[in-house]
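First the structure, in the form of structure tokens, and then the observations on it.
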Amino acid sequence: MSYAIEAEGLVKRFGSTVALDGVNLAVPTGKVLGVLGPNGAGKTTAVRVLATLLRADEGWARVGGYDVAKQSTAVRGIIGLTGQYASVDEDLSGTENLVLIGKLLGLSKAAAKVRAAELLAKFELTDAASRSVKTYSGGMRRRTDLAASLVGRPQVLFLDEPTTGLDPHSRNEVWATVRGLVDDGVTVLLTTQYLEEADQLADLITVIDHGKVIAAGTPHELKRRTGGQSMQIRPTVVADIPAVAAILRELTGLDPIIDTDNGVLSTPVDNPLLLSTVVRRLDDAGITADELGLRLPSLDDVFLTLTGRTGSTTPATEGSLA
Amino acid sequence: MTTITAPTTHIGPGAALRHGLALAGRAVTKVRKNPESLLDVTLQPIIFLLLFVYLFGGAIQGSTDAYLQVLLPGLMVQNIAFASLGTGMALNTDISKGVFDRFRSMPIARSAPLVGAVLGDIVRFVVTLTVLFTVATIMGFRVQTDPGRFLIAVLLLIAFGLCLCWVSVWVGMLVKSPQAVPGTLVAFIFPLTFGSNVFVPSQSMPGWLQAWVDINPVTHLTNAARGLLLGGDWVGDAAWAFLWAVVIAGIFFPLALRAYRKRVG
């Protein structure tokens, strides 16, 4: 199998902080890798190293077969970068931004204009094309960012938290675009704090925490590997939630995920026999449940088990995690 | 459909210049969209001109009209020096913005964003010179030579400004906030421009100051500009000023590039 992105043993220190602590990555050509992790885990640093913006202290990485440190110009020629940091010039219009990028990439002025118009149409920005980007909404800006990274028809695209802070509608648009690019054969590495995003888009997932890869595999493999199953309980009386949570905490040693909107508690379990224990304990406590059962874990459960923290499941409302 | 060429592994000087020019175009577009960013290079020259001519003209030269003639060429030099402050501020602001990372993730010359910012400043130089010259003309200034020599003076001033810009870029890469650029550089620009023969002849100064004023590039450039605009010898001073400009660029271009590389990682 050929890999569009490969990295081994990447280490990056900022003073005494170790941002990357031996990260390995491999993305087969034409696939989507979701790099998942809480804020400060090292996701952005990893992207910056792979996109040649930062030099790793140790280890190596190749993008499209080119060494990111020794052949950085060649790497820059085949990548596109969009995200928290790589954006567009707010003072310029959408067209001016894209034309500038086209010209920097060696297109003639006429060709750059054609390409800009093409991309602006594709991202439904034609109407706003001549307005300054600072007048754009968040979703429009992100689409402009994405369009800017596509001017050079990259073979490998890095998306650093592409949907952070977007409303669900804009997020779906970004997802659709990513899927379209993958259909065209583009390899994508996207970082996200949102498990749902990784689940929706990624063929492969790498979970990073404290600068280390703590799990890697397909979404399915990860769900299976982590504790196997997840227990869901919906108490009849909402007021019983804390008591149920206490029982689950005692039996599993983990804080269960509490979905207060639906009144459901869930927790990863590694032993299916725990179900009968839970039923007995609830019975003893005089708590009845409308719903109680086991299912394959969600990526939330995977994340909880791996990092000891809950991930962010609602992109639109939890735009910025601390 | 347009296609973009296969990955390049090396960027030649021609391509680097093209990248720099494309980014200079961006700087010019930004000025066009935010004309208020030109306030410093339009208001200040007018204030300096009015203030110095009418306040000190009589005392220094005996008449405001006579003083205007010798002051204007020097004020052009001084305002070019002040206009160069803007480059460091603009780059310092730019570098903290996401668009800079995008440029750096593209296969363009490393120096292109810096070269683009410096070349883009030619607009500021032209604006400040135009404003000065127009107001001075209204006040009664007249070029005593010919358009050819006037053009040489303008080109010499812009060339000097382009070299001086690298000091500003260097400082802009070292300080944290854009506002710190003028704050730091005033300590450099003030002795450079006031410690010269722009405002008063060096004969009236104490010996130690005269020694500095006589080697100061601003003095040489002012002498050259006076020669070119009012008549008289200019070649020797122009050569000294040019040599100074080359030395300044020779020192500060590499320093600026190194500070830039360090700053952006």
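Return the calculated 222 nm mean residue ellipticity for chain B, to the nearest 500 deg cm²/dmol, obtained by summing -39500 (n - 2.57) across DSSP H runs with n ≥ 4 and dividing by the residue count.
Working: 13 runs with 200 residues, N = 265.
Calculated at 222 nm, the ellipticity per residue is -25000 deg cm²/dmol.
Treating r as the C-beta distance of A:Ala110 and A:Glu221 and R0 as 51 Å, the FRET efficiency rounds to 0.55.
Taking amide H as placed 1.01 Å from N in the peptide plane, the amide H of A:Val269 sits under 5 Å from that of A:Gln229, A:Ser230, A:Met231, each at least 5 places away or on another chain.
For segment B:71-216, the Kirkwood hydrodynamic radius comes to 16.9 Å, computed from all pairs of different C-alpha atoms. For segment B:136-263, the share of alpha carbon pairs falling in successive 10 Å distance bins from zero is 12, 34, 33, 17, 3 percent.
Listing A:Tyr194, A:Tyr3 from fewest to most neighbouring C-beta atoms within 10 Å gives A:Tyr3, A:Tyr194.
When the pairs A:Lys212/B:Lys262; A:Lys103/B:Lys30; A:Lys103/B:Lys176; A:Lys109/B:Lys30 are compared against a 21 Å limit on Cα-Cα distance, A:Lys212/B:Lys262; A:Lys103/B:Lys176 fall above it.
Over the residues of chain A, the helix contribution to mean residue ellipticity at 222 nm works out to -11000 deg cm²/dmol, using -39500 (n - 2.57) for each DSSP H run of at least 4.
Treat every Asp and Glu Cβ in segment A:126-180 as -1 and every Lys and Arg Cβ as +1, leave all other atoms uncharged, and give the resulting dipole magnitude about the Cα centre to the nearest 20 debye. If you can, show how the numbers build up before the last one.
Details: 8 positive and 6 negative charges, 27 e Å.
So the magnitude is around 120 debye.
Approximating the spin labels as points 7 Å out from Cα along Cα→Cβ, the B:Leu43-to-A:Ala239 distance works out to 6.7 nm.
Working note: Karplus 6.51/-1.76/1.60 with θ = phi - 60° gives segment B:166-173 the couplings 5, 5, 5, 5, 4, 5, x, 7 Hz, where Gly and Pro are set to x. Toward the positive end of the charge dipole of chain B, with +1 on the Cβ of Lys and Arg and -1 on the Cβ of Asp and Glu, the farthest Cα among B:Ile215, B:Leu174, B:Gly227 is that of B:Leu174. A Gaussian network model of chain A, with springs between Cα atoms under 10 Å, assigns the largest mean-square fluctuation among A:Thr260, A:Thr252, A:Thr218 to A:Thr260.
Hey, in the GNM for chain B with a 10 angstrom Cα cutoff, which one of B:Ser96, B:Ser84, B:Ser105 fluctuates hardest? For chain B, modelled as a Gaussian network with Cα springs under 10 Å, the answer is B:Ser105.
Based on the alpha carbons, how large is the Rg to Rh ratio for the protein assembly as shown when Rh follows Kirkwood?
Rg/Rh: 1.13.
The equivalent ellipsoid of segment A:3-223 has semi-axes of 29, 19, 16 Å, largest first, where each one is the square root of 5 times an eigenvalue of the Cα gyration tensor. Label positions at A:Asn39 and B:Val246, each projected 7 Å from the Cα along the C-beta direction, are separated by 5.4 nm. Along the Cα-to-Cβ line of B:Val264, 7 Å from the Cα, sits a label point; which residues in segment B:106-127 have backbone N less than 11 Å from it? Flagged as within label range: B:106-117. Relative contact order of chain B: 25 percent, from C-alpha pairs under 8 Å at least 6 residues apart in sequence. Excluding the site residues themselves, the longest part of chain B lacking any trypsin sites (Lys or Arg not before Pro) in a DSSP loop with at most 15 other Cβ atoms within 10 Å is B:1-96.
Note down the relative contact order for segment A:3-223 as a percent, whole number, built from C-alpha pairs under 8 angstrom at least six residues apart. Can you show the working numbers first?
On the way: 453 pairs, mean separation 65.8, N = 221.
Relative contact order for segment A:3-223 comes out at 30 percent.
Taking a straight line from the alpha carbon of B:Lys33, these aspartates and glutamates sit under 13 Å away, with near neighbours fewer than eight places off in the same chain left out: A:Asp89, A:Glu90, A:Asp91, A:Glu96. Look at B:Met139, B:Met106 and count the other Cβ atoms within 10 Å of each Cβ; fewest to most, that gives B:Met139, B:Met106.
GNM remark for chain A: springs join alpha carbons under 10 Å apart, and the peak mean-square fluctuation among A:Ala239, A:Ala147, A:Ala26 falls on A:Ala239.
Projecting label points 7 angstrom from Cα along Cα→Cβ for B:Asn34 and A:Lys122 puts them 3.0 nm apart. Let a ≥ b ≥ c be the square roots of the eigenvalues of the Cα gyration tensor of segment A:229-295; is it rounded (a/c under 1.5), or, if not, prolate (a/b larger than b/c) or oblate? Rounded, because the longest to shortest axis ratio a/c is under 1.5.
Every number here is computed from the coordinates shown, using simple stated rules; none is lab data. None of the values given here were measured: they were computed from a predicted structure. In this analysis, Cβ positions are derived from the backbone assuming ideal geometry, glycine residues included, and neighbour counts consider all displayed protein chains.
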